[in-house]
Amino acid sequence: MIQTVTGTIEASQLGICAVHEHCCIDLSHVKQDPDTRLDDRKAMVLELQRFARAGGRSIIEVTNVGMGRDVLYLRELSLRTGLQIIASTGCYKDPYLPEEIKDWDREQFAEFMVKEIREGIDGTGIFPGVIGEVGSSLNEITAREQCLLEGAGLAGMMTGLPVTTHTTLGTMALQQIELFSRIGLPMDQLIIGHQDLNQDRQAVFGVVEAGAYVAFDTIGKNNYLPDRERVAMLLDLWERGYGGQVLLSADLTRKSHFFSNGGPGYDVVLREFVPMLNQAGFTAEQIRQMLIDNPASAFAQKEVSLT
């Protein structure tokens, strides 16, 4: 089963899924940039409708505490667009941790996440379907982030929900793998984010060799990396037999990312990247696997062992 903001669905109902997106994010309090506050609700509906018209069915919405999470708004967006939206529990990373929780230990983080998973978010009756995006800083995992990540892993083990991460520019992927492995989180419950930005190709291979999923989730952000290089990396992963662990998305976080504002838009993977995959020789079945089958497996809640 997968928990959405309007109820549970079978994993087989997920359909084409954008696995790492934001519909209500506000990072402007840290970045001091109003572009990082998605507050145009009319425009958001139109942008998401573009994704739906392109064939999109579901969105993993990874905005959490300290990032402007608003699950009532997510439910409204789901009802207005017909999209299945999966909300998140957790906290982001330094320096976005709210003052009142920044000194929590891992048990406190875990307790908070488990409570939201079992009792709902802030009395709304809406439940999260994923833990994330929980993250690390550029080239380091701070002491606070370690407590957060370990808490997320413990919450995943207690509830069976998947854990999806942020890695700043792809760094610290293997260190995240080591951290979650150390506390015992099953690797098939773990999605390591932003690995299309990881300059260390061997580290990306290390993630999939460990059994976790890799998210190529900044598609369309050619200022970070040309999409043709993402295609080449995906070809390499498939040739090595890891196609079943690849997830795709665009991670839109700014008003300037809206298609109507000249940005890539929530439909960029379907509109532009899939044709690139076709041209590179990916089969329809391989593309379906990355867009539908892999997300269904990655985000289905796992059974929890009582032993």
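The values are calculated or read from the model by the stated rules, or taken from the named source; none is laboratory data. All figures in this text were calculated on a predicted structure; none of them were measured in a lab. We place every Cβ from the backbone using ideal geometry, glycine too, and count neighbours over all the protein chains shown.
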Could you tell me which residue of the stretch 90-120 is surrounded by the most Cβ atoms within 10 Å (Cβ to Cβ), considering only residues that are touching a strand residue (DSSP E or B) at 6+ places or on another chain (Cβ under 7 Å) and without any contact (Cβ under 8 Å) to a residue 40 or more places away in the chain? Glu116
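If the requirement is being modelled with pLDDT of 95 or more and buried (at least 20 other Cβ atoms within 10 Å of the Cβ), which of these qualifies: Leu235, Leu252, Leu225? Lay out the reasoning, then the answer.
On the way: Leu235 fails: buried (at least 20 other Cβ atoms within 10 Å of the Cβ); Leu225 fails: buried (at least 20 other Cβ atoms within 10 Å of the Cβ).
It is Leu252.
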Which of (1) in contact with a helix residue (DSSP H, G or I) (Cβ under 7 Å, 6 or more places away or on another chain); (2) surrounded by 15 or more Cβ atoms within 10 Å (Cβ to Cβ) does Arg80 not meet, given it meets every other one? (2)
Log entry, pairs with first residue in the stretch 183-201 being modelled with pLDDT of 95 or more, second being surrounded by fewer than 17 Cβ atoms within 10 Å (Cβ to Cβ) and of a type in the set (Gly, Ala, Ser), beta carbons closer than 7 Å, six or more apart or on different chains, reads Met187/Gly211; Asp188/Gly211
Count of the stretch 264-279 residues which are in contact with a Lys or Arg (Cβ under 8 Å, 6 or more places away or on another chain) and over 19 Å from His194 (Cα atoms): 1
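Which of the residues spanning the stretch 205-247 are acidic (Asp, Glu), under 18 Å from Pro264 (Cβ atoms) and not in a loop (DSSP other than H, G, I, E, B)? Working first, answer last.
First pass over the stretch 205-247, keeping only residues acidic (Asp, Glu): 209, 217, 227, 229, 236, 239.
Within this subset, residues satisfying the condition of being under 18 Å from Pro264 (Cβ atoms) are 217, 227, 229.
Residues satisfying the conditions are Asp227, Glu229.
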Residues satisfying the stated conditions in the stretch 104-120, i.e. under 20 Å from the mean Cα position of the chain (by Cα) and closer than 7 Å to Gly151 by Cβ: Phe109, Ala110, Met113
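Assess whether Phe51 counts as being buried (at least 18 other Cβ atoms within 10 Å of the Cβ), over 20 Å from Thr218 (Cβ atoms) and in contact with a helix residue (DSSP H, G or I) (Cβ under 9 Å, 6 or more places away or on another chain).
Values: buried (at least 18 other Cβ atoms within 10 Å of the Cβ): yes; over 20 Å from Thr218 (Cβ atoms): no; in contact with a helix residue (DSSP H, G or I) (Cβ under 9 Å, 6 or more places away or on another chain): yes.
Answer is no for this residue.
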All but one of (1) within 20 Å of Ile131 (Cβ to Cβ); (2) of a type in the set (Gly, Ala, Ser); (3) touching a strand residue (DSSP E or B) at 6+ places or on another chain (Cβ under 8 Å) hold for Gly15; which doesn't? (1)
Please verify whether Met1 is closer than 27 Å to Glu272 by Cα and within 19 Å of the chain's Cα centre (by Cα), treating the condition exactly as stated. no
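Please work out which residue is surrounded by the fewest Cβ atoms within 10 Å (Cβ to Cβ), limiting yourself to the stretch 162-219 and to residues that are of a type in the set (Asp, Glu) and under 19 Å from Ala18 (Cβ atoms). Show your work before the answer.
Here is the first cut: in the stretch 162-219, the residues of a type in the set (Asp, Glu) are 178, 188, 196, 200, 209, 217.
Narrowing the set further to residues that are under 19 Å from Ala18 (Cβ atoms) leaves 196, 217.
Values: Asp196: 25, Asp217: 27.
Selected residue: Asp196.
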Identity of the residue in the stretch 121-152, within 17 Å of the chain's Cα centre (by Cα) and surrounded by fewer than 23 Cβ atoms within 10 Å (Cβ to Cβ), that ends up nearest to Gln3 (Cα to Cα): Phe127
Is it the case that the stretch 11-34 has a residue that's in contact (Cβ under 8 Å) with a residue 60 or more places away in the chain and basic (Lys, Arg)? no
